[in-house]
Amino acid sequence: MLGLDALQAFLDRGGPVLLIIMAATFFMWALILERFFYFRFAHSTVAAEAVAEWRARSDKKSKLAHWVREKLVSEVRQKAEENVQLTKAMVALAPLLGLLGTVTGMVSVFDIMAITSGADAKAMSAGVSRATIPTMAGMVASLSGVLITSGMDRKVSRSVQQVEDEMEIS
């Protein structure tokens, strides 16, 4: 229970936007894990089926064969790139949500300053906390996602290129 209490206190200090950042980060990481499991368990089957279908063709030189090959590679690429753009969008959204937290925190600081004529430093510091914690959380979420999505792009490119290369050999 101590961990949940600490998490609740952190969310309270960061304001309501911090909860939105947390939900967006969980969604982003769910997408990342989905791609990890796809490449770990399903991609090799998808690629092998495409290569097997290509190798089963007797005609590999005609214009129609070229189109079939492009179709097979395109299907492999489409399955490999699934959810990658959505993950990148979530990475880009995280710092924007952090900025939203900054703005809402500063608005609360200005409200307190207007009400107390700047005399309540403790209340103002709570607003500053609501301004800085979401900024930090948005940046941390975004940085972790940037590192993973750049690796994800390389993995997609390599895996599709490998399928293309296997179809060239046969």
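Readers should treat all values here as calculations from the given coordinates under stated rules, not as data from a laboratory. Because the structure is a prediction, the values reported are computed rather than measured. Quick reminder, even Gly has a Cβ in these numbers, built from the backbone with ideal geometry, and neighbours come from all protein chains shown.
For LYS122, give me every one of the aspartates and glutamates with a C-alpha distance below 14 angstrom, ignoring sequence neighbours fewer than eight places off in its own chain.
Cα-Cα hits under 14 Å: ASP111.
Please work out the FRET efficiency for the pair ILE20 and GLU49, using the Cβ-Cβ distance as r and a Förster radius of 45 Å; give the result to the nearest 0.05. Present the calculation step by step, with values, prior to reporting the outcome.
Values: r = 41 Å, r/R0 = 0.90.
Taking R0 as 45 Å, the efficiency between ILE20 and GLU49 is 0.65.
So how do MET28, MET106, MET22 line up by other beta-carbon neighbours within 10 Å, fewest first?
The order, fewest Cβ neighbours first, is MET106, MET22, MET28.
Counting other beta carbons within 10 Å of each Cβ, put HIS66, HIS43 in order, fewest first.
Ascending number of Cβ neighbours within 10 Å: HIS66, HIS43.
Taking the Cα centre of the stretch 1-78 as the origin, how large is its charge dipole in debye, to the nearest 20, when only Lys and Arg (+1) and Asp and Glu (-1) carry charge on their Cβ atoms? Show your work: numbers first, answer last.
Working: 11 positive and 8 negative charges, 141 e Å.
My answer is approximately 680 debye.
Could you name the lysines in cross-link range of LYS155, using Cα to Cα under 17 Å and dropping any fewer than eight places away on the same chain?
Cross-link targets: LYS79, LYS88.
Need one number: nm distance between label points at ARG13 and LYS71, each 7 Å from Cα along Cα→Cβ, rounded to one decimal.
5.9
Which ordering of ARG69, ARG154, ARG35 is given by a fewest-first count of other beta-carbon atoms within 10 Å?
By the 10 Å Cβ count, ascending, the order reads ARG154, ARG69, ARG35.
Helix hunt in the chain: which complete DSSP H runs extend at least 20 Å axially by C-alpha with mean Kyte-Doolittle at least 1.6?
On the way: long enough: 16-37 (32 Å, 1.91); 63-81 (27 Å, -0.83); 84-116 (49 Å, 1.55); 121-169 (72 Å, 0.20).
Passing helices, by number: 16-37.
How long is the gain from LYS122 to LEU64 if the chain were fully straight, where each residue apart is worth 0.36 nm and the alpha carbon distance is subtracted?
Details: separation 58, 0.36 × 58 = 20.88 nm, distance 7.39 nm.
Here the answer is 13.5 nm.
With n ≥ 4 as the cut-off for DSSP H runs, can you work out [θ] at 222 nm for the chain, using -39500 (n - 2.57) per run divided by the number of residues, rounded to the nearest 500?
-31000 deg cm²/dmol
Could you check the simple spin-label distance between LEU33 and ALA92, using points 7 Å along Cα→Cβ, in nm with one decimal?
In this crude label model, LEU33 to ALA92 measures out at 2.6 nm.
Please report the projected area of the stretch 34-89's Cα convex hull averaged over all directions, in nm².
Details: hull surface 16.9 nm².
Convex hull of Cα atoms, orientation-averaged projection: 4.2 nm².
Amide H to amide H, which residues 5 or more places from ASN83 or on other chains are under 5 Å from it, using H placed in the peptide plane?
For ASN83, whose amide H was placed from the backbone, there are no distant partners under 5 Å.
Quick one: divide the alpha-carbon radius of gyration of the chain by 2.2 N^0.38 Å and tell me what you get.
Ratio of Cα Rg to 2.2 N^0.38 Å: 1.57.
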